[in-house]
Amino acid sequence: MPLNRKIAYIDLTTGDIQTKPIPLEVRKKFLGGRGLDAYLLYNHTKKGCDPLGPENTLLISGGILTATCASATARTHIMAKSPLTGLLGSANMGGFFAPEMAWAGFHHLVIKGKAKNPVYIYIHNGEIEIRDARDIWGKTVPDSQWAIREDLGDQEVKSCVCGPAGENLVRFANVMTGIKNSGGRSGMGCVMGSKNLKAVATRGTMDIKIARPAEALEYNKRFIDQIVSAKVNQTQGVLGTPFIWGATNSWGGVRTRNFQYNQCEYADDIEPERIDEICEETMGPHHMTGCYGCQVHCRAQYKIPEGPYAGKYDEGPEYTSQGAFGGETDTPRALTVLVGNHLVNQFGMDNLETGSLISWAMELYELGIITSKQTDGVDLRFGNDEAVVEMIERICYRKGWLGDALADGGIPAAEKIGKNSFDYLIQVKGMSNLHSDERATPGLALNIATASRGSDHLRSRPAIDLYHLPQEVLKKIYGNPVPYDGPLSSEHTEYVGKPWQVFWHENCYMGVDCLGICKYHTTFLGATLPNFEDWSKVLYYNTGIEMTPEEIWEVARRCNMIERLFNLREGLTRDDLNKGDMLNHRYFDEPCRRGAIDVVGRKIDKEKFIKMIDELYEHKGLDEDGIPKPETLQSLSLENEPSHLL
Amino acid sequence: MAKALYIDYQKCTGCRLCELVCAVSHDGISNPARSRIRVIKWEAEGLYIPMSCQQCQEAPCMNVCPVKAISRDEEMGRVYVDYDVCIGCRACVGVCPFGAMSFNTIDKKVLKCDLCDGDPQCVRFCEVKAVDFVEADEVCILKSRNAAERVSAAGKEASALEAQL
């Protein structure tokens, strides 16, 4: 049964390991994955704990459906207090780790303390041991995984690791598995590094009994047919996420030169078709790969075609890397994007944060706020490809004054650089924004301002807002599973109805994150993809748990509220530019200079934006300061948190 | 003529859905150790190869079986284990040149591909058709066509290089 997968408590200081079953009542309240992690984080950390101290708690989990007969349930979730933001740290990655951990008997790990020397945790068919990792420390992300396989003499072992960036306490280091599956954003790899935890390795051959196998199998076939018949997934299966670049850039939704422009000129060399060409030339016609059990296969494989890294194999680049090492830094060259992507994958460092901070530093350099003495001679002008590649390495190894400063994240770096550098930093809650430009899309701007882990496009983005869907379609999507009869607008430039959409997507994405399903399999980029109603069935067929779509919606709300409670406990205040639900002033002051007619000249109307936040708070059951009302907590059975059920 | 499993590893994305549906359809359980098909991977090179029973004519498993529990089922085009006769000695596991005869340590039984009695679930779920189910005499012509395409492409490349000289 998926439900007999256990939770393990591992103390790296004492070496103590405890395992426990997860009670059904806890499952019904939080399901698993990110939702249950949020509950555990709130219960297992104390207010104001040092994110890099032994008292921070690192949570690694699979969803409740992980490794069941439900496709695309490959996601691993990682949570801790973030060393980048001081608030909620949370990361989610595909690959093959979480299913393997489920076959090894576990769904959730609660890791505390700090090991004396580098170690790794090995989980094998119900058993857990802590092993020496001194010989593995210092190795790159892929090499660490191969070294662990050698150490254990088993080529089937799956590991999630921190790379050199995590070891060097780069505040935005990733947890990674495979070649490029990244638990990115908010520095979960840095937390691993701070605990001297190089990796968690796992291998399992324990049965997961499916509650209703025949129905689960037939349902899964229909589910896959629905997923692969969606145009958006067919395109992803050929071009990967880079397919988004073409449309968004020509439309004017890509920030370039930090935040100076909203469209990258002369970008032919990083158009999705060009990237695809390179993949095909270096890896052959079948160069797409996928995560466990997924038929979308959105991940490209490539070899770097020329230059000092020629012949190096890697996966990607994703849309994010195109923006981070192509658009933002104004270096729209395929080679720079492919090399940049390769380096962050080797180092285990967040591509988005790295590229955004480099482009911020470039703007400061051109403005004279950063001097060439501070860059140690690196000519940090926009468009300088070598400087981008050089800075990636300097950040990972904290080389030079600026490399070291940027490795601490945007806000601490702004304090060190001083002057008015903070004004140019495009961040929310201390985490850099994606390279997308939200000035023409108030709904998307509301999403990044209010996302629980800091500026983020994967926590509540109403991406389908860009499709101008007709009213009846919007009503059908956003009127389920709970009724909504407020206004909805098909216009992406509107402010009306967007708070409800953001609220709806926040719950939808929490739903998939609890179940362990990938967001490409729900209402994220495809308007016709499955959500609450389907989850109710797939949950029943695989686990036997009977929950209505409305009940799953309630679970998602509850889990989002726990994340909010955590953030509030750690000091989130509504209008704080460092730790609040607010955007950089440039969103309100500087209009878009380029792009299509519905983009150029647009900026966010601050007054309307603040009203949207008010409305979103109301939907969520928060008061005007963003604090949950007592009746909201009561209705979500959260009035007695922390309740220490697990 | 009976159909055969045709694996084109170049198309495989490495997702291992075949393993999942194989185990669930046979045993109602998710566990790759119960799968009759296994994707062997070299992640560092991006190479994934699904391995399954070849349903050999002169099947070593069949020949070595001391109690004659393994036989050829010509109608289905498969090598078949009769579990009423099988004593679980694992001699067949030892001799299979492909590692396609496996042993399930939970149920203490050998396991191999039975072509799902003519409707292989791995094929049904593989959207990229890395695993396909085709007429046995078609396998060869499909492979020939693929090889011919490569030869033709190589020829064109060679003549292009020659033209540059």
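What to note about this one:
- Reported count of residues in segment A:138-178, each being closer than 27 Å to A:PRO412 by Cα, in a loop (DSSP other than H, G, I, E, B) and either more than 14 Å from chain B (Cβ to nearest Cβ) or not hydroxyl-bearing (Ser, Thr, Tyr) (or both), is 8.
- Cβ-Cβ contacts under 8 Å between residues 6 or more apart (or on different chains), taken from a first residue in segment A:486-502 that is assigned to a helix (DSSP H, G or I) to a second residue that is among the aromatic types (Phe, Trp, Tyr), are listed as A:TRP500/A:TYR478; A:TRP500/A:TYR484; A:GLN501/A:TYR478.
- Residue within segment A:94-109 that is in contact with a helix residue (DSSP H, G or I) (Cβ under 7 Å, 6 or more places away or on another chain) and either among the hydroxyl-bearing types (Ser, Thr, Tyr) or under 17 Å from A:MET192 (Cβ atoms) (or both) present: yes
- Any hit, segment B:72-84, residues being within 10 Å of chain A (Cβ to nearest Cβ) and among the hydroxyl-bearing types (Ser, Thr, Tyr): no
- Residue check for A:ILE136: buried (at least 19 other Cβ atoms within 10 Å of the Cβ), in contact with a Leu (Cβ under 9 Å, 6 or more places away or on another chain) and outside the structural domain of A:ASP408 (by TED's automatic domain parsing): no
- Only a single item in (1) more than 20 Å from A:HIS492 (Cα to Cα); (2) assigned to a helix (DSSP H, G or I) is not met by A:ASN578, and it is number (2).
- Filter result for A:GLY326 (more than 19 Å from the chain's Cα centre (by Cα) and modelled with pLDDT under 95): no
Residues are listed down the side, and each one gets a yes or a no for (1) surrounded by 24 or more Cβ atoms within 10 Å (Cβ to Cβ); (2) under 26 Å from B:GLY46 (Cα atoms):
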| residue | (1), (2) |
| --- | --- |
| A:ILE148 | yes, yes |
| A:SER159 | yes, yes |
| A:PRO164 | no, yes |
| A:ALA201 | yes, yes |
| A:LEU217 | no, no |
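- Taking the listed residues A:ASP50, A:ASP11, the one that is more than 16 Å from A:ASP513 (Cα to Cα), in the same structural domain as A:TYR122 (by TED's automatic domain parsing) and free of Cβ contacts under 8 Å to residues at least 60 places away in the same chain is A:ASP50, with no other qualifying.
- Residue within segment B:111-122 that is closer than 26 Å to B:ARG72 by Cβ, within 14 Å of chain A (Cβ to nearest Cβ), in a helix (DSSP H, G or I) and touching a Phe, Trp or Tyr at 6+ places or on another chain (Cβ under 6 Å) present: no
- A single member of A:ILE562, A:ILE477 is at pLDDT 95 or above, assigned to a helix (DSSP H, G or I) and under 21 Å from A:ILE244 (Cβ atoms), and it is A:ILE477.
- Residue match in segment A:126-148 (condition: under 30 Å from A:ARG569 (Cβ atoms) and of a type in the set (Lys, Arg)): no
- Test: residue in segment A:179-202 that is assigned to a helix (DSSP H, G or I) and facing another protein chain (nearest Cβ under 10 Å): no
Yes or no, residue by residue, for (1) under 19 Å from A:TRP504 (Cα atoms); (2) in a loop (DSSP other than H, G, I, E, B); (3) at pLDDT 95 or above:
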| residue | (1), (2), (3) |
| --- | --- |
| A:ARG593 | no, yes, yes |
| A:GLY601 | no, yes, yes |
| A:ILE604 | no, yes, yes |
| A:LYS608 | no, no, yes |
| A:LYS611 | yes, no, yes |
| A:GLU618 | yes, no, yes |
| A:GLU624 | no, yes, yes |
| A:THR632 | yes, no, yes |
| A:SER637 | no, yes, yes |
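- Any hit, segment A:52-73, residues being in a strand (DSSP E or B) and either within 14 Å of chain B (Cβ to nearest Cβ) or among the small types (Gly, Ala, Ser) (or both): yes
A quick yes/no check of all residues on (1) within 14 Å of chain B (Cβ to nearest Cβ); (2) among the acidic types (Asp, Glu); (3) touching a residue at least 40 places away in the same chain (Cβ under 8 Å):
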site: A:ALA310; (1), (2), (3): no, no, no
site: A:GLY323; (1), (2), (3): no, no, yes
site: A:ASP330; (1), (2), (3): no, yes, yes
site: A:MET362; (1), (2), (3): no, no, yes
site: A:MET391; (1), (2), (3): no, no, no
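- Of residues in segment A:496-514 being β-branched (Val, Ile, Thr) and surrounded by 24 or more Cβ atoms within 10 Å (Cβ to Cβ), the one nearest to A:GLY94 (Cα to Cα): A:VAL512
Let's see how each residue does on (1) within 10 Å of chain A (Cβ to nearest Cβ); (2) over 14 Å from the mean Cα position of the chain (by Cα):
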{"site": "B:ALA2", "(1), (2)": "no, yes"}
{"site": "B:LEU5", "(1), (2)": "no, no"}
{"site": "B:TYR9", "(1), (2)": "yes, no"}
{"site": "B:THR13", "(1), (2)": "yes, yes"}
{"site": "B:LEU20", "(1), (2)": "yes, yes"}
{"site": "B:VAL24", "(1), (2)": "yes, yes"}
{"site": "B:GLY28", "(1), (2)": "yes, yes"}
{"site": "B:SER35", "(1), (2)": "no, no"}
{"site": "B:GLU43", "(1), (2)": "yes, yes"}
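- The number of residues in segment A:320-367 that are among the aromatic types (Phe, Trp, Tyr) and surrounded by fewer than 24 Cβ atoms within 10 Å (Cβ to Cβ) comes to 1.
- Filter pass, A:ILE227 being within 14 Å of chain B (Cβ to nearest Cβ), on the phi < 0 side of the Ramachandran plot, in contact with a Leu (Cβ under 8 Å, 6 or more places away or on another chain) and surrounded by 21 or more Cβ atoms within 10 Å (Cβ to Cβ): yes
- Selection from segment A:261-295 of residues that are away from chain B (no Cβ under 12 Å) and either part of a strand (DSSP E or B) or surrounded by 17 or more Cβ atoms within 10 Å (Cβ to Cβ) (or both): A:TYR261, A:ASN262, A:GLN263, A:CYS264, A:ALA267, A:ILE270, A:GLU271, A:PRO272, A:ILE275, A:ASP276, A:ILE278
- Candidates B:CYS92, B:CYS96, B:CYS65, B:CYS122, filtered to the one that is in contact (Cβ under 8 Å) with a residue 12 or more places away in the chain and more than 19 Å from B:LEU5 (Cβ to Cβ): B:CYS65
The values are calculated or read from the model by the stated rules, or taken from the named source; none is laboratory data. Being a predicted model, the structure only gives us computed values, none of them experimental. Please note: Cβ atoms are built from the backbone with ideal geometry, for glycine as well, and neighbour counts cover all protein chains shown.
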